[in-house]
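This report concerns only the one structure given below.
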Amino acid sequence: MMDENYTREINNDDSILIEIVFQAHDLLNQCQYDRHEIEDELEEAMELKAIGCVSGAGAGLGYVNIDVEIEDSKNRNKAVALIRRILKKLHVPRSTVLHIRGNTEERIPVY
């Protein structure tokens, strides 16, 4: 996993996948919420704003992730801002990053 921000062109699809990546140790020891509680908060907010949905989650090899699907790339900035706002409100670990895949691929920090 890269620690720095990057962007790379990958496809021409109009949908976006935002993978929220937590270091498992940090999530366990630095956050009062577990992955399921974070998923619930994200799902509620995404549905309320009608810009996407939580489409999956997982864990392994020292990482935990939550996937958020955005159907229209025009909502990318709104979705990223909303996700970052919710994650900050929940005081997720500073090591948390968003891995965004759509027409480009990017990694951006939550903080």
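The values are calculated or read from the model by the stated rules, or taken from the named source; none is laboratory data. Keep in mind that what you see is a predicted model, and the values were worked out from it rather than measured. In this analysis, Cβ positions are derived from the backbone assuming ideal geometry, glycine residues included, and neighbour counts consider all displayed protein chains.
Please indicate, with yes or no, whether at least one residue in the stretch 84-101 is charged (D, E, K, R) and in contact with a His (Cβ under 8 Å, 6 or more places away or on another chain). For the stretch 84-101, residues charged (D, E, K, R) and in contact with a His (Cβ under 8 Å, 6 or more places away or on another chain): absent. Here residue 59 clears all of (1) touching a strand residue (DSSP E or B) at 6+ places or on another chain (Cβ under 6 Å); (2) touching a residue at least 24 places away in the same chain (Cβ under 8 Å); (3) farther than 14 Å from residue 110 by Cα; (4) assigned to a strand (DSSP E or B) except the condition numbered (1). Under the condition of being under 13 Å from the mean Cα position of the chain (by Cα) and in contact (Cβ under 8 Å) with a residue 60 or more places away in the chain, which residue from the stretch 64-92 is farthest from residue 14 (Cα to Cα)? Per the criteria, the residue is 92. Could you pull out the residue among 38, 51 that is surrounded by 13 or more Cβ atoms within 10 Å (Cβ to Cβ) and part of a loop (DSSP other than H, G, I, E, B)? After applying the criteria, what remains is 51.
Listed conditions (1) farther than 17 Å from residue 102 by Cβ; (2) modelled with pLDDT of 95 or more are all met by residue 60, apart from (2). Looking at the structure I just gave you, is residue 14 at pLDDT below 95, at negative phi, out of contact with any Cys (no Cβ under 6 Å at 6 or more places or on another chain) and of a type outside the set (Gly, Ala, Ser)? It is true that residue 14 is at pLDDT below 95, at negative phi, out of contact with any Cys (no Cβ under 6 Å at 6 or more places or on another chain) and of a type outside the set (Gly, Ala, Ser). For the stretch 97-111, residues that are in a loop (DSSP other than H, G, I, E, B) and either among the charged types (D, E, K, R) or over 19 Å from residue 44 (Cβ atoms) (or both) total 3. Here is the figure for the stretch 64-95: residues that are under 14 Å from residue 21 (Cα atoms), touching a helix residue (DSSP H, G or I) at 6+ places or on another chain (Cβ under 6 Å) and either of a type in the set (Ser, Thr, Tyr) or in a helix (DSSP H, G or I) (or both) total 1.
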